[in-house]
Structure formats: structure tokens, C-alpha cells
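Okay, so here's the structure we're looking at.
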């Protein structure tokens, strides 16, 4: 998809990128056509997308770039003009049945110029043939996603808390590493639409993170991961067979953050998750709409007490 062109105006456009003069950019648009390049990111450029997400206030994890890249090394795209990055998007294709779109960002001073449309065009080419495509859309972007064909499924709500937890840890809590990785994969597959082997290997072993499981001696009944973020910690996923298991994992995870704040992203349709955040007096601070193109995947919502990430599903 074209955007800017005519190389004689290149230096002037670069000057506009620095000055963030939106009015002059708009006036130049009719002279420039065809110079926007949308291409796959390499591993280091994924970190740039994470940094932009941090600037938006999304508070990504310290090690998100590496783990995200493992989910689909071909699914991250950068828009640039003559080597100057101006926008990005992720389109993680887990398999032909399910994909997830995130990190959809354009530099603030260049929004409304067609960059987002160019990124979307590349995403849909990459995801051609996938049966179900999801995303978590911020409120102000939900109408835009509707125009691309996404339909609302439910709200996800981010809650914030500060741990002052003095409750004893349940005897069912164990370090997730005590289970075989294949047991974890088996359990995760009952909660997530597709296998995500490489992502999970990275996700549960992040420096500064915690990964816990719950058992009564007969395999996993739930697990939770907590990772260090730019600000505080995030819990996700938090999967559990019932509210008792979710409560035990939540208490054990939050006990490990000291006095730092933590965040938990829950699906609104799970009344057990809503009860958990109310019971612990967590504060709602942010929300997204879980939207899909195609039929939403079937997952046991009553066992989903915390989603993995807003970026990857």
C-alpha cells in the first residue's frame, strides 16, 4: 500500500518527522506517494515496538520482546520511511486456526496519514486463511477494528493492587518447574486455542519472574505466571480449574511482589474472576474489547482468571 513518494522531498519529510508538524505533513501528502515500506521486523526491532508500547502507557514486561518473538518470528511488522520507523504491528499466527493481532502503533505525530492502513493490509495478507483472528482493542480503537471486520466478544478489565498479603500459602502450591514441560503444555492447551510451545518455554522462565502450579498430587489443576514490568508486575496467565485453585495461586504470586504494585487482566464474563478482584479490593484501571474476525475459539471461560497478555491473547 502506498503512502509517500518522490525522493526529492525525502529530506524535507525527515525534517517533519523530527518536528512533528502535523499540518505540514498533511500539506505534503499530495506530493508524496509510494515511499512507505512495511516489512518484517528482526528480533531487535521487536524491542522498539515494546518501547513504543511503554510510551503509550501500556506497561509491557521487561522481557516481553524476546518471548513475543518466539511466539512467531515472522509475525512482527514495521512501517518505515527511508529507514525511519513510523509504525508497527504484530500478527502472531499460532496456526491456521488461530492468530492474534497486537502492538498496533503509529507514531503519535503521524497518525491519520494512512500508515495504520498500510500495516493492516500487510497483516491481513500474512494471516490469509486463518479461521479466527483475535485482538484486544482499546476503547478508542474499537470502531476502527469493526471497520476491518472484527466483532466484539467481551470486555477484558485490568485491575491494580498492592500486595500486603500475610495469608499462609496453600499446601497445593509448587514451583511450576517441578512439573514436566509436557504436562504444562497439556494443561495450557485446554485453556488456550492452540499450542504455543516456544512462547511458553520463554514465558515461564523470565528473569525476575515467578511461575507456580497447583496440584493435589494428580497433575496440574492450575498455574500462574508473574513477570516484572516497567512498573510493578503483571500476573498472566492465571488458569485454574476452580475458584479455590485460582485464589491459592493469586495469594502465592502476590506474596512475592513485596510492596510493589501488580496488575491482573481478567475476562469480564468469568464471575469467579470478578469475585476474586473484588474480594482483594483491586482497582480497575484499564479495559479492552476482545474482538474477533471469524468464530471466536471455544475456551473454558470459567477457568480463565487472568489472560496471558493483551498483545498475544
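Every number here is computed from the coordinates shown, using simple stated rules; none is lab data. Predicted model only: the values in this text are computed from it and were never measured. Don't worry about glycine lacking a Cβ; one is built from the backbone with ideal geometry, like all the others, and counts go over all protein chains shown.
For the reader, a short list of remarks on this structure follows.
- Residues 247, 56, sorted so that the one with the fewest Cβ neighbours within 10 Å comes first: 56, 247
- Relative packing of 71-80, 295-304, which averages over residues the other C-beta atoms within 10 Å, highest first: 71-80, 295-304
- When 280, 63 are arranged by Cβ crowding within 10 Å, least crowded first, meaning fewest neighbours, the order is 280, 63.
- For the chain, the convex hull drawn through the C-alpha positions has a volume of 125 cubic angstrom per residue.
- Global dimensions of segment 150-302 from alpha-carbon coordinates: Rg and Dmax equal 15.1, 45 Å.
- From helices alone, the chain scores -8500 deg cm²/dmol at 222 nm; the rule is -39500 (n - 2.57) for each run of n ≥ 4 DSSP H residues, then divide by the residue total.
- Angstrom value of the Kirkwood radius, inverse mean 1/r, which spans all Cα pairs in segment 101-159: 12.9
- Evaluated over the Cα positions of segment 128-178, the convex hull gives a direction-averaged projected area, one quarter of its surface, of 7.7 nm².
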